[in-house]
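A short worksheet on the structure shown next.
Just so it is clear, none of the values below were taken in a lab; they were calculated from the coordinates. Keep in mind that this is a model prediction, so the values were computed, not measured. Neighbour counts are summed over all protein chains in view; Cβ atoms, including those assigned to glycine, are modelled from backbone coordinates with ideal geometry.
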Amino acid sequence: MSDRYTSDFVEFLCESPGVFHAVDAIARRLEKAGFSRLDERDPSWNLIPGGRYYVTRNGSACIAFRLPEGRPSELRIMASHSDSPCFKIKPDPEIESAGLVRLNIEPYGGMLKNTWYDRPLGVAGRVLICEDESKGIEQRLVYPDRDLLVIPSLAIHMDREANEKAMTNVQNDMLPVFADGPKKEKFLEIIADAAGVNSPESILGMDLFVVNRQRPFVWGPEDEFISAPRLDDLMCVFGTLAGFVESAGQNSLNMYCVFDNEEVGSRSRQGAESTFLTDCLERIRESLGLTFSEMQAAVQRGTMISADNAHAVHPNHTDKADPVNRPRMNGGIVLKFHAGQLYTTDGVSGAFVKKICRDNDIPLQTFVNRADMRGGSTLGNIANTQLSISTADIGLAQLAMHSSCETAGTRDVGYLVGFSRAFYA
Ligand code: ZN
């Protein structure tokens, strides 16, 4: 039995091959739910109490909020990230070798590189074009809907150690093959065509990524699993969005945040370490005529949930997990703890999460690294350096994190939607 959100989630994944498309898909869903778009370049945000708004930064991060009718008593924030490990295409990308054209790329984020070999790959991102001088530079999203690239592995006969030691030097081993024959700048022609411009000369800038084109697939005797690229963290992006949109606000100021660049440390103008969230809060405060102290009190009475996928115990490697805290797929919300503060959850914020789960019959499990393992990082503690607010780290249990195709439980999406709806209410 899969979940009632599964087909909508699959659709969202298909609409989101990269960060720009993901934020575009989020914006469309927010518009449909009656949220109005704001522009950070507009000096006057004339916000109305009870109103619903959203704003994007760099086209790859998004903050949506629902204002209470009266003065906000507290903040309720859920934050996740739009990006996933992939490869960024370098400028002037075509390079020849052995009579073939390859694309020059560099890695983005800490991926399991060997999972990118021998798969249908595509290109997604944005280009900046100038066709009409009177319009200046315009941005267009591009995602040619076709398989464009493959990173071929080296035959076992030429690499007898391949099963012991994968070849993962991106520059030497992993440039994707694009075309047969000599370099002809054909790649930029395809991108120009996807952007709807006549010639590659019109393209002045680009942020293009190599992405896995594998379609999400639901599997298992009871459709209990989903495997797809980018489940980390689009699963939390989707689940928190569905709950946010469905929730009815009370006196709290409810915010939905999606940051970019988590996979490379969050230090960018659209990352969790940026001022995006605090800038929004300051503009909300100014527009609603709240004093600094009123907003501070609402922040300190409030809670943030950092939602980023967690590791399920791997059935073939059970010793890699903590002996007691052992999340599994379809086991519900995972509450994460880390003594070194890479996860923000403490007794107070953990109790808050536990109470929501208990009051709403949502299963809860816990994750802690083995004491001798470093584990990963996420965005909650980084966002806390900008906004000092009580925070808990949660996620949904998955396998194969940072593989080009990851695996998770279909029922967990519904658990996160339910949690998020209850949290905002
Ligand atoms: Zn993540």
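Once the chain is represented by equal point scatterers at the alpha-carbon sites, with solvent omitted, what log10 I(q)/I(0) does the Debye formula produce at q = 0.12, 0.14 Å⁻¹? Per q value, in the given order, log10 I(q)/I(0) is -1.01, -1.30. For trypsin sites (Lys or Arg not before Pro), the sites in the stretch 23-64 that DSSP calls loop and that have at most 16 other Cβ atoms within 10 Å are R41. Treating the angle as unsigned and between 0 and 90°, give the value, to the nearest 10°, between the Cα long axis of helix 276-288 and the longest Cα principal axis of the chain. The angle comes out at about 40 degrees. Using the Karplus relation 6.51 cos²θ - 1.76 cosθ + 1.60 with θ = phi - 60°, the per-residue 3J(HN,Hα) values for the stretch 137-149 come to 8, 10, 9, 10, 7, 10, 7, x, 7, 7, 6, 10, 9 Hz, with x marking Gly and Pro. Taking amide H atoms as placed 1.01 Å from N in the peptide plane, the amide H of E406 lies under 5 Å from those of A228, R230, L231, each 5 or more residues away in sequence or on another chain. Under a model in which nothing but the beta-carbon of Lys, Arg (+1) and Asp, Glu (-1) is charged, the stretch 235-280 shows a dipole of about 80 debye around its Cα centre. So, R0 is 60 Å and r is the distance between the beta-carbons of A339 and R146; what FRET efficiency does that work out to, to 0.05? Approximately 0.80, to the nearest 0.05. Net charge in the neighbourhood of A422 (other residues with Cβ under 14 Å of its Cβ; Lys, Arg +1, Asp, Glu -1) is +2.
Here the contact order of the stretch 86-212, divided by its residue count and restricted to Cα pairs under 8 Å and six or more residues apart, works out to 39 percent. In this structure, the amide hydrogen of T344, modeled 1.01 Å from its nitrogen in the peptide plane, lies closer than 5 angstrom to those of N381, D393, counting only residues at least 5 positions away or on a different chain. Here the gap between T168 and N316, fully extended at 0.36 nm per residue and compared with their Cα-Cα distance, gives a gain of 51.0 nm. Charge dipole (Cα centre; +1 on Lys/Arg Cβ, -1 on Asp/Glu Cβ; no other charges) of the stretch 86-212 amounts to roughly 360 debye.
The packing ranking of peptides 147-153, 304-310, 314-320, highest mean first, is 304-310, 147-153, 314-320, where packing means the average number of other beta carbon atoms within 10 angstrom of each residue.
Here the Karplus relation 6.51 cos²θ - 1.76 cosθ + 1.60, evaluated at θ = phi - 60°, turns the backbone of the stretch 181-196 into coupling constants of x, x, 4, 9, 6, 5, 4, 5, 5, 5, 5, 4, 4, 5, 7, x Hz, with x for every Gly and Pro. Dipole orientation for the chain: of the candidates A192, I362, C280, I362 has the Cα lying most toward the positive pole (charges on Cβ; Lys, Arg +1; Asp, Glu -1). Computed from backbone phi with θ = phi - 60° and the Karplus coefficients 6.51, -1.76 and 1.60, the 3J(HN,Hα) list for the stretch 220-227 is x, x, 10, 6, 7, 10, 10, 10 Hz; x is used for glycine and proline. Between the C-alpha center of the stretch 399-425 and that of the stretch 108-144 there is a gap of 27 Å. Amide hydrogen proximity for T366: with H placed 1.01 Å from N in the peptide plane, the residues at 5 or more positions away or on another chain lying under 5 Å are R326, L335. FRET efficiency for the pair E161 and D92, taken as 1/(1 + (r/R0)^6) with r the Cβ-Cβ distance and R0 = 25 Å, rounds to 0.15. Extending 7 Å from Cα along the Cβ direction at A371 and again at K355 yields two label points whose distance is 3.2 nm. Beta bridges per DSSP, both residues in the chain: antiparallel share near 65 percent. Electrostatic tally near A179: other residues with Cβ closer than 14 Å to its Cβ, Lys and Arg +1, Asp and Glu -1, net -1.
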